[in-house]
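The values are calculated or read from the model by the stated rules, or taken from the named source; none is laboratory data. Keep in mind it's a predicted model, so treat the numbers as computed, not measured. Methodologically, a virtual Cβ is constructed for each residue, glycine included, from the backbone with ideal geometry; neighbour enumeration extends over all protein chains shown. For the accessible areas, the whole protein counts, side chains as well, though only heavy atoms, and no ligand, DNA or RNA atoms are used. Shrake-Rupley method; radii C 1.70, N 1.55, O 1.52, S 1.80 Å.
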Amino acid sequence: MAKKPTIGHVECTVCGFPDAHVKEDKNGHAYIHCADNCQAQTFTRNDFRNSKLRERMRAVTVTVTDDTVTVTAPEPAPATAPPPAIDKVPPVKKPGGWLQPLLAKG
Ligand SMILES: [Zn+2]
């Protein structure tokens, strides 16, 4: 059986966990599944309670703009910022380097 997609997040009615998942049952009614904490499931089972839950939940939305994908979900986004550029100054090399004094003595 395919895993149901999370359509939003809401505070768990049982334990108060702030990011309980909101999913749809086979009839298209939203229900709460506290998948990350107490595992409680709260079903709406009719259109009235379904609409009330959908009003309360924070919907999961995915926005794609060029190469940037913004997901408004609890999952942390991977850091993509490059490290700050450092001006590289090559070391000044003297002809002969450390060997030069020895050669000069010879
Ligand atoms: Zn809970």
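Of note:
- Selection count where residues are within 16 Å of the ligand (Cβ to nearest atom) and open to solvent by less than 100 Å² (accessible area, probe 1.4 Å), scope the range 45-62: 2
- Looking only at the range 33-44, and only at residues there that are open to solvent by 90 Å² or more (accessible area, probe 1.4 Å) and not charged (D, E, K, R), the one that is nearest to the ligand (Cβ to nearest atom): GLN39
- Every pair of residues 6+ apart whose Cβ atoms lie under 6 Å, when the first sits in the range 13-39 and is farther than 18 Å from ARG54 by Cβ while the second is open to solvent by 70 Å² or more (accessible area, probe 1.4 Å): CYS15/ASN37; PHE17/ASN37; CYS38/VAL14
- Among the residues of the range 7-32, those that are open to solvent by less than 50 Å² (accessible area, probe 1.4 Å) and either modelled with pLDDT under 95 or near the ligand (Cβ under 9 Å from one of its atoms) (or both) comprise CYS12, GLY16, ALA20, ILE32.
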